[in-house]
Structure formats: C-alpha cells, structure tokens
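Visitor: Take a look at this one; I'll ask things after.
The values are calculated or read from the model by the stated rules, or taken from the named source; none is laboratory data. Since this is a predicted model, take the numbers as computed values, not measurements. Here Cβ is always computed from backbone atoms with ideal geometry, including for glycine, and neighbour counts include all displayed protein chains. What goes into the accessible areas is simple: the full protein's heavy atoms, side chains included, and nothing from ligands, DNA or RNA. Shrake-Rupley method; radii C 1.70, N 1.55, O 1.52, S 1.80 Å.
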Amino acid sequence: DQAHPIEAVLSAVEGGLDKAGPEFGHRPAEEGSPWSFVVKGTAVIKEKNTASRAGTVLIDVTTPKGPVPVTIQIGPVLKGNSLRDAMPFINFQNFTNQLEFAEVGRAFNGRVAADLKAVVDGLAPGQTIAYSGTFSLNTATDIKEVLYHLRGLVQQFRANDVPLDYSRLTRDLLRLQQ
C-alpha cells in the first residue's frame, strides 16, 4: 500500500511543496510536471453533490493548522489525470503521443468511476467513510512551467473543439511575464 495518511501529506504540503513532494509524492521527469500524491483516510461527509455528472463529496481533513476542506470526486465523470500521474511506472516517454497518454488517464478514471458506481447512491452527509485516492498539485511558479501546462490545455481544447480567445491569452501571458 503506497497511500499515505492525508493528514500527514497536507501538513507537509503546508510546510512547502519542495519538501513534501519528494517525501510523499511522485513527479514524472518531464519538465513542469505536477507532484502527485496517493492518500488515504477516514472522514465524515459534509456535503454530497450529484447535480452534475462530475459528482463530489466534501469532507474536512484535520491538520495542525485546522480543518482543510477536501473535495472527493465520486463520478460518474472524474476530472483530471492524477490517478495516472501518481503511478511511477507510467511514463509519458513510453507512449507514441499525448493522445495515447491521455487515453491511459481516461481508462484509469473509467475504471474507478465504474467501481464507485456501486457505492455512490449510499453516500450521505453525516456518514463516516474510509477512502483512498490521488491528487496532483501544479507548481507553475515561472513562465516556463506555465507554458508547459498551457500547451497541454490548448491541445485538449483543440481535440474537443473548445473555442479559445488567442488574443486574450496572449495579453494574459504578456501581463504574467511582467
């Protein structure tokens, strides 16, 4: 079991990602990659939101600095690629292209969503749950890392025919560099 107690991970992150990442997380060698963490814990559900297909439950995690609200995705749509990115044996360099790499993320999310389907209806506020999962923290602290993440987003937008105002994006990037 590679999962770390979420309280320990969040406390370490509060102390600085540069220390918490190597101690508790995984970060692929590709430049600009986020730190990904595998965590576990128990908590009481505060809220359940299934108004959209990207369902969530909200919990509080106790840390030395006080409670930290944490959102857990319950599907059926799971966003992001933290499941894929937290696996040290999955490396972008082993794939033909970004689309193939993205498909692995979708497959992980689909498998977890299918497993969650059986328990989602039974989840309710006030219920204590045991959970395990992943999350990623982007560390875009300079323009080089911002551009790395942005390239991936633009490719996703294009692949899904999402319009993008390139003029506004250019102005925002210029303002960020100043």
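Visitor: Restricting to segment 142-178, and then to whatever is surrounded by 10 or more Cβ atoms within 10 Å (Cβ to Cβ) and not in a helix (DSSP H, G or I), can you tell me which residue is modelled with the highest pLDDT?
Guide: It comes out as Leu164.
Visitor: Determine which single condition Thr62 fails, assuming it passes every other condition in (1) closer than 28 Å to Val13 by Cα; (2) touching a helix residue (DSSP H, G or I) at 6+ places or on another chain (Cβ under 7 Å); (3) surrounded by 15 or more Cβ atoms within 10 Å (Cβ to Cβ).
Guide: Looking at each condition in turn, Thr62 falls short on (3).
Visitor: Does Thr71 count as β-branched (Val, Ile, Thr), touching a helix residue (DSSP H, G or I) at 6+ places or on another chain (Cβ under 8 Å) and open to solvent by 70 Å² or more (accessible area, probe 1.4 Å)?
Guide: When the stated conditions are applied, Thr71 does not pass them.
Visitor: Here's another thing I want to ask about it. Based on what the data block shows, is Pro88 open to solvent by 80 Å² or more (accessible area, probe 1.4 Å) and more than 29 Å from Asn160 (Cβ to Cβ)? Walk me through how you get there before you give the answer.
Guide: Values: open to solvent by 80 Å² or more (accessible area, probe 1.4 Å): yes; more than 29 Å from Asn160 (Cβ to Cβ): no.
It is false that Pro88 is open to solvent by 80 Å² or more (accessible area, probe 1.4 Å) and more than 29 Å from Asn160 (Cβ to Cβ).
Visitor: Being loosely packed, with under 15 Cβ neighbours inside 10 Å, at pLDDT below 90 and more than 12 Å from Ile72 (Cβ to Cβ) is the requirement here; does Gln127 meet it?
Guide: It is false that Gln127 is loosely packed, with under 15 Cβ neighbours inside 10 Å, at pLDDT below 90 and more than 12 Å from Ile72 (Cβ to Cβ).
Visitor: Something else now. Quick one: which residue in Thr56, Thr50 is touching a strand residue (DSSP E or B) at 6+ places or on another chain (Cβ under 6 Å) and modelled with pLDDT of 90 or more?
Guide: Thr56
Visitor: Which of (1) of a type outside the set (Lys, Arg); (2) more than 16 Å from Asp85 (Cβ to Cβ); (3) in a strand (DSSP E or B); (4) modelled with pLDDT of 90 or more does Phe37 not meet, given it meets every other one?
Guide: The number of the failed condition is (2).
Visitor: Among the numbered criteria (1) in a helix (DSSP H, G or I); (2) farther than 24 Å from Gly152 by Cα; (3) basic (Lys, Arg), which single criterion is violated by Arg106?
Guide: (2)
Visitor: So how many residues does segment 2-20 have that are more than 16 Å from Val68 (Cα to Cα) and touching a residue at least 24 places away in the same chain (Cβ under 8 Å)?
Guide: So the answer is 4.
Visitor: Right, here's the next one. Restricting segment 62-84 to residues that are of a type in the set (S, T, N, Q) and outside any helix (DSSP H, G or I), which is nearest to Val38 (Cα to Cα)? If you could, list the steps in order and put the result at the bottom.
Guide: Step one: filter segment 62-84 for residues of a type in the set (S, T, N, Q), giving 62-63, 71, 73, 81-82.
Right, trim to outside any helix (DSSP H, G or I) and you get 62-63, 71, 73, 81.
Values: Thr62: 17, Thr63: 17, Thr71: 15, Gln73: 14, Asn81: 13 Å.
Going through the qualifying residues, I end up with Asn81.
Condition check ((1) in contact (Cβ under 8 Å) with a residue 24 or more places away in the chain; (2) within 21 Å of Phe24 (Cα to Cα)) across all residues:
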| residue | (1), (2) |
| --- | --- |
| Pro76 | yes, no |
| Gly80 | yes, yes |
| Leu83 | yes, yes |
| Phe95 | no, no |
| Gln98 | yes, no |
| Phe101 | no, no |
| Arg106 | no, no |
| Leu116 | yes, no |
| Ser132 | yes, yes |
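Visitor: Report whether or not Thr42 is touching a residue at least 24 places away in the same chain (Cβ under 8 Å), open to solvent by less than 40 Å² (accessible area, probe 1.4 Å) and of a type in the set (S, T, N, Q).
Guide: no
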